[in-house]
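> Could you have a look at this structure, given as structure tokens, before my questions?
The values are calculated or read from the model by the stated rules, or taken from the named source; none is laboratory data. Owing to the predicted nature of the structure, the values given are computational and were not obtained by experimental measurement. Because the Cβ atoms are built from the backbone with ideal geometry, glycine has one as well, and the counts that use them run over all protein chains shown. Each accessible area value is taken on the protein alone, full model and side chains, heavy atoms only, with ligands, DNA and RNA left out. Shrake-Rupley method; radii C 1.70, N 1.55, O 1.52, S 1.80 Å.
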Amino acid sequence: GSVHLTPDGTFPIHIPNPEDAFMVEETLRAVRENGADLGIMLDTDVDRSGLICGGTLEPLNRNRLVAAAAEKGGPQHPRG
């Protein structure tokens, strides 16, 4: 279910930003069409990422992604 895998440094399809609306929509479409559990969005140097939950089709990026990670890991590391 991968999309846009051909390397092209001119980024002709969309801006490689997991917060870009087009990237989110393309990932949502791929998750839906493939019945995937998870969609992963990355920028070109992988310092920004986002997820699409296959069960809810809700995007998790920016603050929501950090909050989800904190909720998952927080109880195991209560003092940071």
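> Tell me, what is the FRET efficiency for Arg29 and Ala70 to the nearest 0.05, using R0 = 25 angstrom and their Cβ-Cβ distance as r? Mind showing how you got there, number by number?
Details: r = 29 Å, r/R0 = 1.16.
Calculated transfer efficiency: 0.30.
> Quick one: 3J(HN,Hα) in Hz for region 3-14, Karplus 6.51/-1.76/1.60 with θ = phi - 60°, rounded, Gly and Pro as x.
Here the 3J(HN,Hα) series is 10, 6, 9, 6, x, 7, x, 8, 6, x, 8, 6 Hz.
> Tilt of helix 63-73 relative to the longest C-alpha principal axis of the chain, in degrees (0 to 90, nearest 10)?
So the helix axis and the longest Cα principal axis differ by about 50 degrees.
> Let me ask you something else. What residues have an amide H closer than 5 Å to that of Gly54, excluding those fewer than 5 places away on the same chain, when H is modeled at 1.01 Å from N in the peptide plane?
The list, which skips near neighbours in sequence, is Leu38, Gly39.
> Show the residues, 5+ positions off or on another chain, whose built amide H is closer than 5 Å to the amide H of Arg48.
The list, which skips near neighbours in sequence, is Asp43.
> Take the chain, connect every pair of alpha-carbon atoms lying under 10 Å apart with a spring to form a Gaussian network, then pick out the residue of Asp45, Asp37, Asp20 with the largest mean-square fluctuation.
Of Asp45, Asp37, Asp20, the most mobile in the Gaussian network model is Asp45.
> Excluding Asn61 itself, what net charge comes from residues whose Cβ is under 15 Å from its Cβ, given Lys and Arg +1 and Asp and Glu -1?
That sum, taken over residues with Cβ under 15 Å, equals -4.
> Oh, and also: How large a share of the accessible area of region 34-80, in percent, is made up of carbon and sulfur atoms when the probe is 1.4 Å and the other protein chains stay in place? The partial results should precede the final answer.
Values: 1890 of 3580 Å².
On region 34-80, the fraction of accessible area on carbon and sulfur atoms equals 53 percent.
> Label-point separation (nm) for Asp45 and Phe22, each offset 7 Å from Cα along Cα-to-Cβ?
Placing both labels 7 Å along Cα→Cβ, they lie 2.2 nm apart.
> Rank Ala69, Ala21, Ala36 by mean-square fluctuation in a GNM of the chain with C-alpha springs under 10 angstrom and give only the top-ranked residue.
Fluctuation is largest for Ala69.
> Which of Thr56, Thr44, Thr27 moves the most in a Gaussian network model of the chain with Cα springs under 10 Å?
With Cα springs under 10 Å in the chain, the top fluctuation among Thr56, Thr44, Thr27 is at Thr56.
> Which value, in debye to the nearest 20, gives the size of the charge dipole of the chain about its Cα centre, when Lys and Arg are +1 and Asp and Glu are -1 at the Cβ?
Computed charge dipole of the chain: roughly 380 debye.
> Convex hull over the alpha-carbon atoms of the chain: what's its volume per residue in Å³? If you can, show how the numbers build up before the last one.
Working: hull volume 8.1 nm³, N = 80.
Cα-based convex hull of the chain, divided per residue, equals 102 Å³.
> What order do Leu42, Leu5, Leu65 take when sorted by accessible area (1.4 Å probe), most exposed first?
Leu5, Leu42, Leu65
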